[in-house]
Structures are given as structure tokens and as C-alpha cells.
Amino acid sequence: MKKRRLDSYLDTNEVPLLLLVQNNDTRFRLKSEEIEEEARTTTSSKCIPEDATEEEEEVSAATIAHCATSTTNKKESVTCTSTGVSKVTVLEMPVKTEAVAKSKSLFPLFYRPKKTVHLVRHGQTSLWTFPGQNMYIGSGNFDIHLTPVGRQQASNISAKMAALKAELILTSPLRRALQTLQIAFPRAQEGKEPVEVTALHTEHVSGTGDVGRPPKVLAAEFPWLSFESLPEIWWYSPAEFPNDALKEEFHSTEPMEELRKRVGIFRQFLLARAETVIVVIGHSTFFKEFTSSRRRMKNCEIQTMMV
């Protein structure tokens, strides 16, 4: 059966169609009867040369996603090879709302609203002698706290935090993150902020300061927060080489493979949430892995990303 050109799958009118096509062995095509009218624009025909063979006209698509959130008519160039699309390609073209409705029923898994995630690193802690200088000053500091400088840093971003109008605030259970939350979101203590405590994005355990404390201990210090979702030992602490802040025992660091697993789990956790504006109060090493960045965030730095 002759393969249809990419532009034959696009319809015209009001709502833009966001089409992501990624090179993959998995073949995925729309049925010809699903969308009947031909596209008015010819941008997508650039994807396949006029003299292309039937084999070259096959589109290898691992992901086809539709988004009906904009009314613009932006078009980005498409790069193709003789074996199909050579890279992830984004096309924005106007399509009928009826076609989008059909597509939603065909591809519900690909419909995920974009989320705005504001990453906030905690304020300066007692592990550092001076802001910006990574100088470790002791091995007996467990679940470290903010310095006066760190408290001021958290206070300085309070107005910015209020302006974000977060639908959800996620905080690490480590004390420095909880203290940053307490100061940067003063209304949280009154129960007027949507706060959740989760250990998914707690810091990479590389020293004593990254070892947490049990939920009951945290609840006594922060009674206005709920720690019911936390297990008794929520930080990295293998049974054979345990880490215990209460006993001041440190025996093992968290392997980077474990950290990267948590990064992946946390990303899926964010995608599964219904909220679209989320603030995450956390830590430099975790955020560095989460954003695939080459640098660490500064204390109380705010970094915004879409997921």
C-alpha cells in the first residue's frame, strides 16, 4: 500500500497542531480515514523530497503528540534523511478542532499539559564557612541548619515566592530545606500554602549533613507540617552500613546510580501531578542532576523550567 506523505495527515483551520516526530524503529501511522482534508500549508512537505521513493516517504515515529493550547502559526524547519526523520522535529500548523478532538481519543497518553517548575535551592548552611566557598568545617554535623546569612537569603526571596502563585510547594525533609520553606513562605505555618514534604528530591548523601532524621523528630520541630508520608528511614542508609543522625553515625555515601534513579522517579512524579505551577525547595547536587547542568545553583537561587 502506498505510504501517505506527512502533510496528508495535517488538517487546517483554527487550532495549531504540535507534531513531534522522532527517529525510531517503531512505525506508527495514522489511518487515512481519520483526517480527510489536505493541509493548506506546504511546510510539512519539505520533510520529504518530491522525488522520494516509497521507502523514503515512511515516517518513523516514536512519539506523535498533539497540543491545542496556542493559536499561532509558527513553523520550524524539518530535517530528514533517506531513512526517515533524523532528529526530533517540531511543526506547528493550524488544524481543525474536530481533528484535535479525534486525536485526543486516539493518543490520550501523549496529552500532557506543560508544567512550570520553579527550583529553589535552600539558604546558606552551617557546613560552609563563607557563601559560595565549598569549605567543609566538620564531620559531626548531621541534618545541618541555616546560618543567619542563609535565613536572610530565604527572607530576601519571600516576595518572589509569593508572586509565583504556586499551586504546589514540594520540600525536601532535610532541615535546611524546611527552614528555607518556613522563611520564604511565611503563610505556610498558617496552613495557607499547599505544601507537601517528599524525600524523592532530598540531597545526595555524600556526608553527615545530608543524613536526615525520623518523621517524629521532624514533626516536633516543625509541627505545622505533615510528615506522615515519610518512612521511618527516608534517606540513604543501607542496612549493612547505616547512616543515623540521632546516633551520629555515618558509614556510607549514596552511589550516583541511586541518585539518578531518584531523579527519574521524581521527574515522573512531577508529570503525574495535576498542578501546573510547582515550587520545589531542594538541594544543589540533586538539582544539578535533574537539570543536567554543569554548575550548582547558588543558595536561594531560583531556576525555572518546563517539564
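Derivation of every value follows stated rules applied to the coordinates shown; laboratory data play no part. Owing to the predicted nature of the structure, the values given are computational and were not obtained by experimental measurement.
Multiplying the residue separation of residue 190 and residue 165 by 0.36 nm and removing their Cα-Cα distance gives an extension gain of 7.4 nm. The lysine pair count for region 116-306, using Cα distances under 18 Å and pairs eight or more places apart or on different chains, is 6. Classified by the C-alpha gyration tensor, region 162-307 has an oblate form. Its axis ratio a/c, with a ≥ b ≥ c, is 1.5 or above, and a/b does not exceed b/c. Centroid-to-centroid, using Cα positions, region 268-303 and region 247-261 are 20 Å apart.
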